[in-house]
Amino acid sequence: MSESKKTDDDRGVNRRKVLECMTWAGTGVLWTISGGVPRSLGIIDQALAAEPSKLTFLQISDSHVGFDKPANPNAIGTLQEAIGKIKSLPARPSFMIHTGDITHLSKPAEFDNADRAISEAGLDVHYVPGEHDLIDEEVKFYRERYGKNAKGSGWYSFDADGVHFIGLVNVMNLEAGKLGKLGEEQLKWLQDDVAGRTASTPVVVFAHIPLWTVYEQWGWGTDDGARAISLLKKFGSVTVLNGHIHQVMQKVEGNVAFHTALSTAFPQPAPGTAPSPGPLKVPDDKLRSLLGITDVNFVRGQQRLAIIDKPLQG
Amino acid sequence: MQSLRPERRSRPLGAVLLVAAFVAATLFLPGGARAEDAAVQIDDFAFSPPSLTVKAGTTVTWRNKDDIPHTVASSTRMFKSKALDTDDSYSFTFNEPGSYGYFCSLHPHMTGKIVVEPANHAAQ
Ligand SMILES: [Cu+2]
């Protein structure tokens, strides 16, 4: 984990300064995003007690229901544990977002099992697909379940408590040698979607593959992600929530805070630390410290989102 | 060939069957027209070998050794496998000489190439 070098004065932010922070799972750090720059506020429970918030929502990601390999032979079990953790939160979240790879192989039974486990939380869930959710032959199971009211290949937006949420799809029709892709149609839609909104509206964007380039050699990025971000530059507060890389990473550029979530199924290696991004086998007693959920709090009027990564087991 | 069949059925699947199939393929080709088969392994999010040169008529089989599914998709949409889970395989027969680029449609940074030479080409 590294900490921002930011001073306490939020007004004195150098907007051009790019900070890169990584919080490795298990650290349980609270990030408060203020004026676009995250500050580590301390451990979870103290921070939560200090800042009751208006809007709390949860991010879960990469549940890979159906995965049964050595890195986690029981992915549905750890998803159920994550849902149990959500149910036990002291403050009930408003809703959940799932940033994709709900299933491992897009099989109907995997979607059914995921649904059954996730619905236990009793919360509305807003999904975007991961590449693992679109590998059935006709590429229809995801859309039939989750994308009925979405545009194009599954993108949409909604509003909650004055925050504008945008779900994007960057795992469709990928091209040889390239990274994730949003495509022209989606970018045009995004431009129209935000056109009439005031700059003071906090925006939360969520998509499966990171919209920023985390590690090109492993395909961890989105070729036209920067174009999407540039369409949001008028907004004072933009938070980008992604999955796909099964570990927590943060980066802040100007008003935009990027954050990736833990998986509920299996960890993946840090960039370049393994021959490939394949599932990371860790000792059994360590697995649950590398899996988890993300808790996001928005305090009205303060334009800041507090992002808390909660491992299944701290 | 006839005598092989009952024997193959009575044995467990796996290497024995593969060997039997290979023997059958090489010994009983009609007129010997088919070239040898070739294999590409998918391991550690990479196609190995990344570039493979074969004779026209060769059937190339890709096998996924990773714990994550991959696909084999032609860059020109000439062929595309289903998602291959661990140990699944996909085969395609290349009849026309040429260079065929392909990639994994799930992890498009994974790319490979099959170079097909004329069947009567003298060089190795
Ligand atoms: Cu792949």
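Only one entry in B:T86, B:T53, B:T61, B:T93 is within 14 Å of chain A (Cβ to nearest Cβ) and of a type outside the set (A, V, I, L, M, F, W, C), namely B:T86.
For the stretch A:230-261, filtering for residues that are within 15 Å of A:N170 (Cβ to Cβ) and open to solvent by 30 Å² or more (accessible area, probe 1.4 Å) leaves 1.
When the stretch A:250-296 is limited to residues that are among the basic types (K, R) and touching a strand residue (DSSP E or B) at 6+ places or on another chain (Cβ under 9 Å), the one that is modelled with the lowest pLDDT turns out to be A:K251.
For the list (1) in a loop (DSSP other than H, G, I, E, B); (2) closer than 23 Å to B:P69 by Cα, I need the number of the one condition that A:A199 fails. The failed condition is (2). Whether any residue in the stretch A:141-148 is within 14 Å of another protein chain (Cβ to nearest Cβ) and touching a residue at least 12 places away in the same chain (Cβ under 8 Å) is what I want to check. Yes, there is a match, as at least one residue in the stretch A:141-148 is within 14 Å of another protein chain (Cβ to nearest Cβ) and touching a residue at least 12 places away in the same chain (Cβ under 8 Å). In the set (1) farther than 26 Å from A:A75 by Cβ; (2) open to solvent by 30 Å² or more (accessible area, probe 1.4 Å), A:L182 fails one condition alone, (2). In the set (1) of a type in the set (D, E); (2) assigned to a helix (DSSP H, G or I); (3) touching a Leu at 6+ places or on another chain (Cβ under 9 Å), A:E185 fails one condition alone, (3). Taken over the stretch A:211-266, the criterion of being part of a loop (DSSP other than H, G, I, E, B) and within 14 Å of chain B (Cβ to nearest Cβ) is satisfied by A:T213, A:V214, A:G219, A:G221, A:D223, A:D224, A:H244, A:I245, A:H246, A:S263, A:A265, A:F266. Taken together, the residues in the stretch A:60-74 that are within 14 Å of chain B (Cβ to nearest Cβ) and under 22 Å from the mean Cα position of the chain (by Cα) amount to 7.
The values are calculated or read from the model by the stated rules, or taken from the named source; none is laboratory data. From a predicted model like this one, the values you see are computed outputs, not experimental measurements. Glycine also receives a Cβ, built like all others from the backbone with ideal geometry; neighbour counts cover every protein chain displayed. Heavy atoms of the whole protein, side chains included, go into the accessibility calculation; ligands, DNA and RNA do not. Shrake-Rupley method; radii C 1.70, N 1.55, O 1.52, S 1.80 Å.
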